[in-house]
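Asker: A single structure is presented below for examination.
The values are calculated or read from the model by the stated rules, or taken from the named source; none is laboratory data. The structure presented is a predicted model; accordingly, all values stated were derived computationally and were not measured. Note: ideal-geometry Cβ built from the backbone for every residue, glycine included; neighbour counts use all protein chains shown. The area values use the complete protein model at the heavy-atom level, side chains included, leaving out ligands, DNA and RNA. Shrake-Rupley method; radii C 1.70, N 1.55, O 1.52, S 1.80 Å.
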Amino acid sequence: MNRFLKRAFDIFLSLAGLLILWPVILIGWVAATLSTGANGFFVQTRVGMNGRTFKLLKLRSMRNRVGIQTTVTTRQDPRITQVGSLLRKSKMDELPQLWNVLVGDMSLVGPRPDVPGFADKLIGDDRVVLSIRPGITGPASLEFRDEEELLSKQTDPEAYNREVIWPRKVELNRDYVVNYSFGKDLGYIWRTIARS
């Protein structure tokens, strides 16, 4: 029943969101295209439910820079454009993921989908995180809302992400799955909107 209720809610809210917010997404796409010199939609492979990969949609906020390959992003990342910085701070860059929710790749609430090399490497009890659809928001997203700022203060952002942030996210996401309730989902959505 929880899975049915969660999926029905996802479909209803993502469809409503796309119908209402498509002008905002369109404006964001145009701005992202002009500021980055590339397609304003950024498509990236992420790990989803049961470890299956899917194509996640975002508004593009960074330019490609020769010599920078890391997927760990700090607030001072030279790849982020001025428009991209605004999109990221306002979380507008995440709006196209409503499409991912509608088609069933994601849920509104759940563990954030990571690039290959993290979630797909989970072992033991931690693999329960992969038993549900990843989400746009959730407990780990809220706790690490200012993750880029936190990483920018570290001497080795990649190591800090791997050794501190990632294990804490796994802990929060595992607890979310094991102690799931639809009421908590509503709370996470409300907190996300309130902090936007």
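Asker: Mind checking which residues of the stretch 69-83 are open to solvent by 10 Å² or more (accessible area, probe 1.4 Å) and either assigned to a loop (DSSP other than H, G, I, E, B) or of a type outside the set (A, V, I, L, M, F, W, C) (or both)?
Answerer: The answer is Q69, T70, T71, V72, T73, T74, R75, Q76, D77, P78, R79, Q82.
Asker: Could you please give the count of residues in the stretch 33-52 that are in contact with a helix residue (DSSP H, G or I) (Cβ under 7 Å, 6 or more places away or on another chain), surrounded by 16 or more Cβ atoms within 10 Å (Cβ to Cβ) and in contact (Cβ under 8 Å) with a residue 60 or more places away in the chain?
Answerer: Selection size over the stretch 33-52: 2.
Asker: Continuing with the same structure: D105 - would you say it is at pLDDT 95 or above, of a type in the set (D, E) and not in a strand (DSSP E or B)? Don't jump to the end; show me each part of the working.
Answerer: Numbers: at pLDDT 95 or above: yes; of a type in the set (D, E): yes; not in a strand (DSSP E or B): yes.
So D105 fits the description; yes.
Asker: Something else now. Only one of (1) under 15 Å from the mean Cα position of the chain (by Cα); (2) over 17 Å from E94 (Cβ atoms) is not met by E143, so which one is it?
Answerer: For E143, the failing item is (2).
Asker: Further question on the same structure: Could you check the stretch 131-178 and list, in sequence order, the residues that are polar (S, T, N, Q) and either modelled with pLDDT of 95 or more or in contact with a helix residue (DSSP H, G or I) (Cβ under 7 Å, 6 or more places away or on another chain) (or both)? First the steps, then the outcome.
Answerer: Applying the first criterion (polar (S, T, N, Q)) to the stretch 131-178 yields 131, 137, 141, 152, 154-155, 161, 173.
Result: S131, T137, Q154, N161, N173.
Asker: Here are some residues: L26, L86, L18, L57. Which one is open to solvent by 80 Å² or more (accessible area, probe 1.4 Å) and touching a helix residue (DSSP H, G or I) at 6+ places or on another chain (Cβ under 8 Å)? Break it down into steps so the answer makes sense when it comes.
Answerer: Working: L26 fails: touching a helix residue (DSSP H, G or I) at 6+ places or on another chain (Cβ under 8 Å); L18 fails: open to solvent by 80 Å² or more (accessible area, probe 1.4 Å); L57 fails: open to solvent by 80 Å² or more (accessible area, probe 1.4 Å).
Checking each option against the conditions leaves just L86.
Asker: Which condition number does D185 fail, the rest of (1) open to solvent by 70 Å² or more (accessible area, probe 1.4 Å); (2) within 16 Å of the chain's Cα centre (by Cα); (3) modelled with pLDDT of 95 or more; (4) not basic (K, R) being met?
Answerer: (1)
Asker: Those residues that are under 21 Å from K91 (Cα atoms), surrounded by fewer than 19 Cβ atoms within 10 Å (Cβ to Cβ) and of a type in the set (D, E), I need them from the stretch 148-162; list them, please.
Answerer: Passing the criteria: only E149.
Asker: Return the residue satisfying two criteria in turn: it lies in the stretch 117-135 and is in contact with a Lys or Arg (Cβ under 8 Å, 6 or more places away or on another chain) and not acidic (D, E), and of such residues it is farthest from D185 (Cα to Cα). First the steps, then the outcome.
Answerer: Step one: list which residues in the stretch 117-135 are in contact with a Lys or Arg (Cβ under 8 Å, 6 or more places away or on another chain), which gives 125-126, 128-129, 134-135.
Next, from what is left, pick out any that are not acidic (D, E): 128-129, 134-135.
Details: V128: 18, V129: 16, P134: 13, G135: 10 Å.
Ranking the candidates gives V128 first.
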